[in-house]
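J.: To start, I am sharing the structure in question, which I have written as structure tokens.
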Amino acid sequence: MIGFTYTLILKEPVLANSLSGDTNSARSLSFIPGGLVRGALIQNYGGIKQADDADFQRLFLNGKTRFLHAYPVCGGKRMLPTPLAWKTYKDDPNHKRGIVNFSKAVISDPKVKKAPFPFYSVKDDVVIKVKQQWQVNVHTQRDAVFGRAKGQGKGTVFRYEALPAGLHLQGVILADNEDDVTKIKELLQGSILLGKARTAGYGQAEVKVGENLSPGWREDEYSEAPAGRVNEFQVTFLSDAILRDENGQLTLDLLPALKAKLKVEDLEVKNTFCQMEIVGGFNRQWGLPLPQSQAVAAGSVFVLTSASGVEETALRKIEMRGMGERTSEGFGRLSIGVNPKDGFELRNGEVTFEVRQSGDMSASEALVADLMLKRLLRRELDERVLGAVIEATKVYKGGVKNSQLSRWRVYLRGAIGSPENGLAKIREFYNKEDERNTPSWQKMTRAKVRIKQKESENGRNVVKLVEKRLTEWMESLIEEKADVWLMLGYDGSQQPMKTIGSQTYDANKELRVDYSLRLMDAVLASMTKKNTEGGRDGS
């Protein structure tokens, strides 16, 4: 067996779209089909992309190279679809009674049901099951011209249920010669785009090429491989299979196709556990959907017998090549085993996710994270300013003219845009006003505000609400003698900051000066409003 494994690490959610589901939503398949990976590599292929080109045919079209589906990873292992022959008990929600394998022996018990987990792996004869992981995003239909919802019937809300970012999935690529394996590995380097809505923040995945397959590799390492000539064996489909009967019609019956391949006339089906699936696809090169076909669903199980027996080598060849159509896209994968096991113990597991730390951010990502943190911190500070203003102006009884307050606000608002230079201008304006000592200024000196301030009490510093003259309080902020963070509700030892992971944004000096000016402006604005509400102009 020539081939290798590869791991997809989803950097963005991926919509490997299925044909089922609500018309107002798009739900992804629970895995990455091999056809998506093949399509992405065709996009990267630098050779001749013509169906009659020998290299293109061999690499992508005629089944010589087979792109197996990428299934979720659990405990470092590629999981497989759960066989439909596996049943669990309805009255055993924690599955303490394990798995009943109907391919071993069918029992008549109304308390059993289909195994309620999509994928499994086996470790030390214990079946590991996982919950399906989804990322649900809600979207609104937008008018392409107006850039927003417009008109009747527009603005429809719909949702995407996608494979979540960070999920690890492992696939396998099989080929008939070493040179093709080398070419495919080169095309897989770096990252690829998968699925639909790739321009809307979906589809990016990083690819890590794994080890080459060992000579005796089997996709289903858990089933017992046939040895010699066998009279009974079990076929378990590891992916959907598109099969046709002797008349060329789509069918769910495995027997005609298997008889034709094995050349065994007395082959019979002993038991069947099968479901139908409708499969489709999309051809990126043509920009058209592929015909929809009925297929044998992944996990379907057929138990077959033959009085004359079937050779191990013939079964192994079918297992290696797969059956049916579109095998190059991962369809028709199957496992052939004997002596199916029963009574598996069942345990919960977790699919593998990649948790990115902020230290793993690129320079552009770190810049965006820093901007987000700055905005979050500013929003928090704006809310605290409002609270501090309400407390500060509770003691204001009027007395300062609105014209004087507005005059100060004009200077303050001009300074807020450039805190460092603006503070110097406000300091200069303050000193001139203090020197002139006009009647309006004297009214400002008599007005009071109530602010938080540290005071010594019994040998320790405590934060108290104290009343101060308006001009004295403003001077303390202008001269940077007062702690504006304390006034905004921080305890003095606490520095305003916001953090995502290890990415942190601290309140710097520029932000401290900016919010000193904003606090003064907000307090004067509140005083103006109180003057107006009281039916006076402050005089």
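The values are calculated or read from the model by the stated rules, or taken from the named source; none is laboratory data. Not measured: the values here are computed from a predicted model. Heads up, the Cβs are rebuilt from the backbone with ideal geometry, glycines too, and the neighbour counts pull from every protein chain shown. When the accessible area is computed, the model is the full protein with side chains, heavy atoms only, and any ligands, DNA or RNA have been set aside. Shrake-Rupley method; radii C 1.70, N 1.55, O 1.52, S 1.80 Å.
J.: Leaving ligands, DNA and RNA out of it, report the carbon-plus-sulfur percent of the accessible area of the range 152-282 at a 1.4 Å probe.
T.: Values: 3000 of 6610 Å².
The computed percentage sits at 45.
J.: Could you tell me the ratio Rg/Rh of the chain? Both radii from Cα atoms, Rh via Kirkwood. Provide the component values of the computation, followed by the final result.
T.: Values: Rg = 35.6 Å, Rh = 29.3 Å.
Expressed as Rg/Rh, it is 1.22.
J.: Could I ask something else about it? In this model, which of Lys425/Lys498; Lys113/Lys341; Lys113/Lys317 are farther than 22 Å apart at the alpha-carbon?
T.: Numbers: Lys425/Lys498 31 Å; Lys113/Lys341 18 Å; Lys113/Lys317 34 Å.
Those over the limit are Lys425/Lys498; Lys113/Lys317.
J.: How big is the Kirkwood radius of the range 12-135, worked out from every pair of different alpha carbons and given in Å to one decimal? Mind showing how you got there, number by number?
T.: On the way: mean 1/r = 0.0560 Å⁻¹.
Mean inverse Cα-Cα distance, inverted, gives 17.9 Å.
J.: So, with +1 on the Cβ of K and R and -1 on the Cβ of D and E, and no other charges, what is the size of the charge dipole of the chain about its Cα centre, to the nearest 20 debye?
T.: Values: 79 positive and 68 negative charges, 567 e Å.
Dipole about the Cα centre, nearest 20: 2720 debye.
J.: Computed from the mean reciprocal separation of all distinct C-alpha pairs, what Kirkwood hydrodynamic radius does the range 436-522 have, in Å?
T.: It works out to 14.8 Å.
J.: Taking the range 149-234, how much of its Cα-Cα pair set, in percent, is spaced more than 14 angstrom apart?
T.: Numbers: 2867 of 3655 pairs.
Counting pairs separated by more than 14 Å, the tail of P(r) holds 78 percent.
J.: Sticking with this structure for a sec: Alpha carbons only, please: Rg and Dmax for the range 216-344, in angstrom.
T.: 15.2, 50
J.: Once you list every other residue whose beta carbon is under 11 Å from the beta carbon of Pro72, what net charge do they have if Lys and Arg are +1 and Asp and Glu are -1? Before the final figure, lay out the partial values.
T.: Values: positive: Lys77, Arg78, Lys131; negative: Glu350.
Surrounding charge for Pro72 is +2.
J.: Eigenvalues of the Cα gyration tensor times 5, then square-rooted: what semi-axes does that give for the range 369-486, in whole angstrom, largest first?
T.: Values: eigenvalues 122, 94, 42 Å².
The equivalent ellipsoid of the range 369-486 has semi-axes of 25, 22, 15 Å.
J.: Quick check: at a probe of 1.4 Å, how many percent of the accessible area of the range 31-114 sits on carbon and sulfur atoms? Could the numbers behind the result be given before it?
T.: Numbers: 1820 of 3700 Å².
The nonpolar share, carbon plus sulfur, comes to 49 percent.
J.: Specify which residue in the list Ser308, Gln292, Ser335 is farthest towards the positive end of the charge dipole of the range 278-351, using unit charges on the beta carbon of Lys, Arg (+1) and Asp, Glu (-1), about the Cα centre.
T.: Checked the options; the winner is Gln292.
J.: Also: From the mean inverse distance of alpha carbon pairs (Kirkwood) and the Cα radius of gyration, derive Rg over Rh for the range 284-326. Please list the in-between numbers first.
T.: On the way: Rg = 16.1 Å, Rh = 14.1 Å.
In the range 284-326, Rg relative to Rh is 1.14.
J.: Here's something else I'd like to know. Cross-link partners among aspartates and glutamates for Lys263, C-alpha distance below 20 Å, same-chain residues fewer than 8 apart left out?
T.: Correct list for Lys263: Glu232, Asp245, Glu246, Asp253, Glu311, Glu312, Glu319, Glu325.
J.: Note down the relative contact order for the chain as a percent, whole number, built from C-alpha pairs under 8 angstrom at least six residues apart.
T.: Working: 1053 pairs, mean separation 93.8, N = 539.
Answer for the chain is 17 percent.
J.: Ranked highest first by the average count of other Cβ atoms within 10 Å around their residues, in what order do 230-240, 169-179, 91-101 fall? List each step's numbers first, then the result.
T.: Values: 230-240: 22.9, 169-179: 19.7, 91-101: 14.5.
The peptides rank, most packed first, as 230-240, 169-179, 91-101.
J.: What are the ³J(HN,Hα) couplings of the range 298-306, residue after residue, when phi is run through the Karplus curve with 6.51, -1.76, 1.60 and θ = phi - 60°? Round to Hz, x for glycine and proline.
T.: Each residue of the range 298-306 in turn: 4, x, 5, 10, 10, 9, 10, 10, 8 Hz.
J.: Still on this structure, please answer the following. Mind checking the range 229-308 for trypsin sites (Lys or Arg not before Pro) that DSSP puts in a loop (not H, G, I, E or B) and that have at most 15 other Cβ atoms within 10 Å?
T.: Of the trypsin sites (Lys or Arg not before Pro), the ones in loops of the range 229-308 whose Cβ has at most 15 other Cβ atoms within 10 Å are Lys263, Arg284.
J.: Which order do peptides 507-520, 334-347 fall in by mean Cβ count within 10 Å, highest first?
T.: On the way: 507-520: 19.7, 334-347: 17.3.
Highest mean packing first, the order is 507-520, 334-347.
J.: Using the heavy atoms of the protein chains alone and a 1.4 angstrom probe, what is the accessible area of the chain per residue in square angstrom?
T.: Details: 27430 Å² over 539 residues.
Accessible surface, normalised per residue, equals 51 Å².
J.: What share of the DSSP beta bridges in the chain is antiparallel, in percent to the nearest 5?
T.: Details: 85 of 92 bridges.
Taking every DSSP beta bridge with both residues in the chain, the antiparallel ones total about 90 percent.
J.: Sorted by mean Cβ packing within 10 Å, highest first, what order do the peptides 42-49, 28-35 take?
T.: Details: 42-49: 12.1, 28-35: 22.5.
Output ranking for 42-49, 28-35: 28-35, 42-49.
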